[in-house]
Amino acid sequence: MDMDWVKEDVLERSGFNHYVAKYLLLLLSASLAASSCPKEDFHRLGYCTYQMKCYNTIKGAVLDQECQGSINIDVIVDLTLKNVDQNFSVDITDTEFLISITSLTVYGSWPQTNLSFLEYTLKLKYLQLTNLDMKHIYGRPFQYLSRLNVLDLSHNRLSEIDDLFVFTDSNRLKKLYLSYNEIREVTGFVFQELISLVELDLSNNLIEDLNEEPFNNLTSLRTLKLNDNNIKYLNGAINKKLLNLKHLFLNDNDITKIDEATLDKTIYHLETIDLSNNNIEFFPKLFFKHWDHFEGHTVCRITYSGNRLTVIRNATSEENMLKINKELVDVSTQIDLSNNNISIIEYNAFQYVINLISLDISNNNLITFLVNSEHLSNVKFLNISGNFISRLEFQTFSHMNNLQNLDLSNNRFENLPTKSLIYANKLKSLNFTQNDIQEVVNFHINFHAEGGILDLSNNNLYMFIIAPREAEGLIELILRSNKITDPSQIKLKYHRALLKLDMSKNFITGLNEKSLQLPVTLTNLDLSSNNIETINPSSFYCVQHLHTLRLSHNNLKNVNHGVFRGLNSLVNLDLSYNQISSLDSAVLLDLKYLKFLSLRYNHMNSLDSKAWLNHKTDLIVYIDGNNLSCDWLGNVLADYNNGFSKMHPAVINSPMEENTLNGIPCIPGPKNLYRGSKNEGDDHNMITDERLLLTSQKILEAVREQTSYLRKYIWRSVLLEADKLNDSKANVA
């Protein structure tokens, strides 16, 4: 009995061990499968050119036989390594594959790492190690990567980088990204070997000073980003040794003063200098004398927005000591002085700026803007918005005949200063929003030959009258959010160039045949968000070429016959967000080419669509936000699907929980059946007759086409026979 028990125990244990072994084998297999390079993520793009993804490890990554260890073949491997953690490792069998990698992007979490596997990636050109939560990188992991061009270590938590960029041989690194880390100090030797570096990004760190001049060896550097740090003083870090520096970003720091002696030689090369959002109180005059050596067309951008500037002084003769020949230098200059405390700009402040094409002095404390117009003669973009200006000086704009975009919004204008802009005849955009203008009677401004836009929204405007031959070139007028109650006071009848008019968000209550004094050429009219309750017949008869009419967000309850008379070209009609409970499509019979009709959110319970059975073009009607029955909707969809009607009901946002047909909400149940007329039987018979008529018409059209085809075929046969007969007679003769 004892031996039998022992045997049973042994068998039981062996069975259990077998089960455990099998379970562990399955786990191991699953782990290997999860840690491999799946075939579905392995793509061959060309001969020995691959793009692949691996997970956790690179085990199982194998190239084609002819591409393994090849010296003469240019092997390209773009590898994305995902789900990497602290346990990532490689063994000797992986080295051959590592040597082939040319581009590597890693995703995962590596707070502490030495990146030791990189010693095998000798052909690596692009390396992205972002968002890995790296706090510290041990050793010198990049020292063997002599072919590396781009290294991205941004969006980590690195604070120490002193020994990272050391190489055993010469390096080719051109772009280094270290933004969004926790770097506080940049020593003098950290970048000393990166003599080929073209772009360096140290933005969004915690750098406070640059005392050790860490950029001295970067003689090839063209772009340096130091923005969004805690830098207070440059301390000579930006100096004459940066021979090729073109773009310098120092915005969003704590800089209070620019050391002009330090920048004197460096600024000579800069095309972009961004010092916005610092604490600078004085505008360095040096930035106006560095353009005489540029070759080809160059755009110089100087940004000083968001500082503490109060005065822009006159330029002095010292600033012109380079004796620049403005006619021989193809340079354009853009200056941004917005969001400061500037209250004074002296008359000759921009005297020595070469080809100033853009000037932004918005959101300052200017009461007047009086400068030498000759110095602004090339300006195309001028922004003076957000000041306290109430009048324009004619002297300032007398030579600005290249001005295209002028923003005077959010000032204190009570009248439109058209006489001051009489020579600005290339305007494409004129912005006078958020002022105190009440009426415009005389308009002496002519716009660009390609057309211009005038925006007078958010004023107190109630009257706008343009006489013949005024405002030449005006194609769009925006009068949104004003105090217009009588639309007949907007007299634009003789201005045939006008195409778009926006009178939304005003106080118009009704329209009649005399309300719109508008040109017949108008194509877009926006009357939305008013208080319109009634629209009389023929109210839009004067604008017969309208393509788009917006009447949404009003108080319309009924739409009567004849309201849209004359609108034979209308394509888009918006009647959404009104109070229209019932609509007969016969009201819209004048709109023969209507393609889009919005009736959204009117809480409609009746829509008679019989008149659309003969509509010539496809018509999409948006009906969401209404109370139309499922019975009605089913009939309309059936008519559309069967080809009886070209009207297709639709919604913009289909609800998830409501009752729907084809994704269109409707009201189900016997109490919400199709709400027809009192003589519903007659109407049903009429609709049936119309459907039969449409079917008959389609049959007749098909017969007509077939008959026409037969006639052409028979006539062609007759002609061919006649030609053959003539040929035979000619041969006999």
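When the accessible area of the range 604-669 is split by element with a 1.4 Å probe, what percent falls to carbon and sulfur?
Ligands and nucleic acids excluded, carbon and sulfur give 46 percent.
Once the piece of chain linking E513 and Y541 is laid out straight, how much longer is it, given 0.36 nm per residue of separation minus the C-alpha distance between them?
Residue separation times 0.36 nm, minus the Cα-Cα distance, leaves 9.4 nm.
Hey, what's the Kirkwood Rh for the range 604-669 if you take every pair of different alpha carbons, in angstrom?
12.1 Å is the Kirkwood radius here.
Each residue of the range 42-53 in order: what ³J(HN,Hα) in whole Hz does its phi give by Karplus 6.51 cos²θ - 1.76 cosθ + 1.60, θ = phi - 60°, with x for Gly and Pro?
10, 10, 9, 8, x, 5, 6, 10, 10, 9, 8, 10
Quickly work out the S146-to-E66 label distance, labels modelled 7 Å from Cα along the C-beta direction, and quote it in nm with one decimal.
So the label points at E66 and S146 sit 3.0 nm apart.
What is the calculated FRET efficiency for S654 to Q112, with r their C-beta to C-beta distance and R₀ = 41 Å, to the nearest 0.05? Could the numbers behind the result be given before it?
Working: r = 51 Å, r/R0 = 1.24.
The calculated FRET efficiency here is 0.20.
Label points 7 Å out from Cα along the Cβ direction at A449 and E470: separation in nm?
In this crude spin-label approximation the distance works out to 2.6 nm.
Using modelled backbone amide H atoms (1.01 Å from N, in-plane), which distant-in-sequence or interchain residues come within less than 5 Å of V77's amide H?
Counting only residues 5 or more places away or on other chains, the set is Y50, T102, S103.
Express the accessible area of the range 76-219 per residue in Å², computed with a 1.4 Å probe while the remaining protein chains stay in the model.
43
Would you mind working out the accessible area per residue for the range 604-669, using a 1.4 Å probe, and quoting it in Å²?
46
Restricting things to alpha carbons, tell me how big the range 497-625 is in terms of Rg and Dmax, in Å.
13.5, 42
With a cut-off of 8 Å between alpha carbons and a minimum separation of six or more residues, what is the relative contact order of the range 604-669 in percent?
Across the range 604-669, relative contact order equals 37 percent.
Would you list C300, C37 from the most to the least accessible area, probe 1.4 Å?
Most to least solvent-accessible, the answer reads C37, C300.
Go ahead and collect, in residue order, the members of the range 387-414 whose backbone nitrogen is under 11 Å from a label point 7 Å along the Cα-Cβ direction of L370.
Label zone hits: 393-396.
Modelled label-to-label distance, H603 and N235, 7 Å Cα→beta-carbon offset: nm?
Going by the 7 Å Cα→Cβ label model, 7.0 nm.
Under the 0.36 nm per residue contour assumption, what length would be gained going from the current alpha-carbon distance of D133 and V571 to full extension? Intermediate values should be presented prior to the final figure.
On the way: separation 438, 0.36 × 438 = 157.68 nm, distance 5.55 nm.
Full extension from D133 to V571 adds 152.1 nm.
The values are calculated or read from the model by the stated rules, or taken from the named source; none is laboratory data. The structure displayed is predicted, hence computed values, not measured ones. Positions of Cβ are generated from backbone atoms using ideal geometry, with glycine treated the same way; all protein chains shown enter the neighbour counts. Only protein heavy atoms, including side chains, enter the accessible area calculation; ligands, DNA and RNA are left aside. Shrake-Rupley method; radii C 1.70, N 1.55, O 1.52, S 1.80 Å.
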